[in-house]
Amino acid sequence: MNSYVKQTIDLIYDKYRTQPEFVQAVEEFLLSIEPVVAKHPEYEKYDLLMRLVMPERLFKFRVVWTDDEGKTHTNTGYRCQFNGAIGPYKGGLRFQKNVNESIIKFLAFEQIFKNALTGMPIGGGKGGSDFDPAGKSDAEIMRFCQSFMSALYRYIGPDIDVPAGDMGVSAREIGYLFGQYRRLKGNFENGVLTGKGLSYGGSLIRPEATGYGAVYYLQEVLKHENDTFVGKRIGVSGYGNVAWGIMKKAAELGAKVTYMSGPDGYIHDPDGIITKEKLDFILQMRRTDPVHCKPYADKFGCEFVEGKKFWGVKDVDIYMPAAVQNDVGFETAKKIAESGVKYYIEVANMPTTNDALTYLRSCDHMIVAPSKAVNAGGVGVSALEMSQNSERLSWTAEEVDKHLHRMMKNIHDESMKVAEEYGLGYDLVSGANIAGFLKVATAMMEQGLF
Ligand code: 2IT
């Protein structure tokens with residue numbers, strides 16, 4: 001291994017012992033870009049890798065809010081402005097009980113290269129809170145968002161840092177966050193947030209963009225393999241916003257999602273989640289109860305397996321983990337490989353542990369695509385929302401979709417091309433890491449030391 005890469009990994013292990021998710025993301029990335037570092041001795045002279053793995057800054061703040069009974073609660077808020085070399089920091093906010101500094105940093109780190117891959121001028125950031133949205137009333141959500149934004153507003157802006165949604169943050173939360181930002185700043189800078197409602201500058205297709213983009217990317221993978229969507233059965237973990245977009249777009253293109261899962265277990269629908277009635281039902285089910293997918297089985301008379309995941313089933317052609325980080329560990333990866341499935345397309349951020357990912361990539365019969373490329377359509381359309389806001393106009397759904405489609409094809413093709421240049425063959429994981437890295441590294445080298 002290149003000594004500078006090894007030395008940086010050792011340093012990370014030592015310095016960030018208490019941040020396992022962050023160390024995991026960094027190690028996976030550095031091992032991928034090793035052939036590039038080996039070719040560029042100047043990186044070591046200018047300590048590029050250490051500068052790359054240390055955030056430019058990270059805010060950690062208190063968020064105090066009052067529940068409907070009048071009781072006060074205190075949560076921790078975060079915003080990590082990781083790398084701004086190619087544009088304003090950009091990335092979502094995650095509201096989830098388990099959020100901590102390690103999770104925010106891993107997400108922000110992945111975001112840097114994902115954002116670079118979109119070809120749009122956006123740097124990498126991420127934020128959130130350990131606030132648990134489950135069971136909160138609308139008024140409680142509003143008060144929490146207002147308090148969160150009161151702490152954050154002075155550090156963000158359309159040319160500084162542009163947050164968006166992630167788990168636990170969708171258009172409703174973005175609305176409350178924007179309202180508070182506008183109230184505090186006394187101006188209408190709607191480019192400060194993306195994923196907004198259409199009534200105040202949101203973009204058409206943004207809610208669907210991550211799922212649609214994942215399917216467009218997959219389409220390029222299938223093309224490369226002289227394969228098509230026709231009749232393909234897809235297993236998607238999760239049934240949130242992203243999984244829903246996958247179901248809808250896959251159905252449009254002739255494939256079908258036959259497995260989905262939630263925190264309560266998994267659903268097997270051999271006919272596929274393809275009709276409008278089924279897709280609409282999922283939307284409604286999620287709104288009324290975001291932690292159970294069983295009602296789908298009750299409604300449409302299909303199999304529900306409680307408390308289990310479907311990994312390892314043989315009657316799918318494509319696996320798409322689209323739920324949480326580290327969903328697929330080593331034992332699960334073995335089951336997936338043994339099922340004989342060819343395509344493993346990551347969708348959620350870092351859904352695979354490093355040992356599992358290494359194992360899947362080593363299986364000759366499999367093609368593995370990395371989340372930071374596959375899910376980049378979400379933030380890609382966020383960047384298009386920023387463009388529309390700065391132009392003070394809005395594009396049609398067709399225009400946004402056309403840009404998204406082209407973006408996803410470019411990400412696939414560029415990853416493929418750069419991997420080939422480095423003699424790695426059709427290696428979409430290394431290709432995405434290297435392509436993203438080269439854009440950011442070039443900008444950092446050109447901007448001098450800081
Ligand atoms: O993980 C992600 O890329 C997102 N949550 C979307 C971020 C964004 O700025 O749209």
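The values are calculated or read from the model by the stated rules, or taken from the named source; none is laboratory data. Because the structure is a prediction, the values reported are computed rather than measured. When we count neighbours, we look across all protein chains shown, and the Cβ atoms used for this are built from the backbone with ideal geometry, even at glycine. Note: accessible area is taken over every heavy atom of the protein model, side chains too, but ligands, DNA and RNA are not part of it. Shrake-Rupley method; radii C 1.70, N 1.55, O 1.52, S 1.80 Å.
Taking Lys and Arg as +1 and Asp and Glu as -1, the other residues whose beta-carbon sits under 15 Å from that of residue 136 total -4. The listed peptides 425-431, 88-94, ordered by packing as a protection proxy, come out as 88-94, 425-431 (highest mean of other Cβ atoms within 10 Å first).
Per residue of the chain, the DSSP helices (runs of n ≥ 4 H) give a summed -39500 (n - 2.57) that works out to -15500 deg cm²/dmol at 222 nm. May I ask which residue of 120, 365, 245 lies farthest towards the positive end of the charge dipole of the chain, with charges of +1 (Lys, Arg) and -1 (Asp, Glu) on Cβ and the Cα centre as origin? The residue sitting most towards the positive pole is 120. Per residue, the accessible area of the stretch 265-366 comes to 46 Å² when a 1.4 Å probe rolls over the protein heavy atoms. Pairwise inverse Cα distances across the stretch 133-200, averaged and inverted, put the Kirkwood hydrodynamic radius at 12.0 Å.
When the alpha carbon gyration tensor of the stretch 259-411 is reduced to an equivalent ellipsoid, the three semi-axes, largest first, read 29, 23, 14 Å. In the Gaussian network model of the chain, springs joining C-alpha atoms below 10 Å, which of 287, 206, 182 carries the largest mean-square fluctuation? Looking only at 287, 206, 182, the largest GNM fluctuation is found for 287. Summing +1 for each Lys or Arg and -1 for each Asp or Glu among the other residues whose beta-carbon sits under 12 angstrom from that of residue 248 gives +1.
Considering the stretch 195-338, its Cα convex hull presents a mean projected area of 9.3 nm². Taking every protein chain into account, the accessible area of the stretch 109-176 amounts to 30 square angstrom per residue (probe 1.4 Å). When the chain is treated as a GNM with alpha-carbon contacts under 10 Å, the residue of 415, 199, 102 showing the greatest mean-square fluctuation is 199. Placing a label point 7 Å from the Cα of residue 398 along the Cα-to-Cβ line, the residues of the stretch 197-214 whose backbone N sits under 18 Å from it are 204-206. Enumerate the residues in the stretch 278-316 having an amide nitrogen under 15 Å from the point lying 7 Å beyond the Cα of residue 68 toward its Cβ. What the label zone holds, given the 15 Å backbone N cut-off, is 288-289. Full extension of the chain segment joining residue 137 with residue 199 gains 20.0 nm, where the gain is 0.36 nm per residue of separation less the Cα-Cα distance. Springs join every pair of Cα atoms under 10 Å in this Gaussian network model of the chain, and among 289, 161, 269 the largest mean-square fluctuation is at 289. The figure for residue 417 is an accessible area of roughly 120 square angstrom, using a 1.4 Å probe on the protein chains alone. Computed over the stretch 335-450, the alpha-carbon pair-distance distribution with 10 angstrom bins reads 12, 34, 32, 17, 5, 0, each value a whole percent. Enter the Cα centre distance for the pair the stretch 392-419 and the stretch 132-181, rounded to the nearest angstrom. The two parts, judged by their Cα centres, are 28 Å apart. In a reduced charge model with +1 at each Lys and Arg Cβ and -1 at each Asp and Glu Cβ, the chain shows a dipole moment near 880 debye about its Cα centre.
The relative contact order of the chain comes to 15 percent, based on Cα pairs under 8 Å that sit 6 or more residues apart.
For the stretch 269-351, a simple Cβ point-charge model (Lys and Arg +1, Asp and Glu -1, everything else neutral) yields a dipole of about 120 debye relative to the Cα centre. Which distance in nm do the two modelled labels at residue 47 and residue 314 give, with both placed 7 Å along the Cα-to-Cβ direction? Result for the modelled spin labels: 5.6 nm. Shape index of the stretch 96-235: Rg/Rh, with Rg the Cα radius of gyration and Rh the Kirkwood radius from the inverse mean 1/r over Cα pairs, equals 1.03. Of the solvent-accessible surface of the chain, computed with a 1.4 Å probe over protein heavy atoms with every protein chain present, carbon and sulfur atoms account for 51 percent.
Given 10 °C and 1.306 mPa s, how large is the Stokes-Einstein diffusion coefficient of the chain in µm²/s, with Rh as the Kirkwood radius over Cα pairs? In µm²/s, the coefficient rounds to 72. For the stretch 126-273, the residue among 129, 224, 263 whose Cα projects farthest onto the positive side of the dipole built from Cβ charges is 129.
For the stretch 34-144, the fraction of C-alpha pairs more than 22 angstrom apart is 45%. With K and R counted +1 and D and E -1, the other residues having a Cβ less than 14 Å from that of residue 110 yield a net charge of +1.
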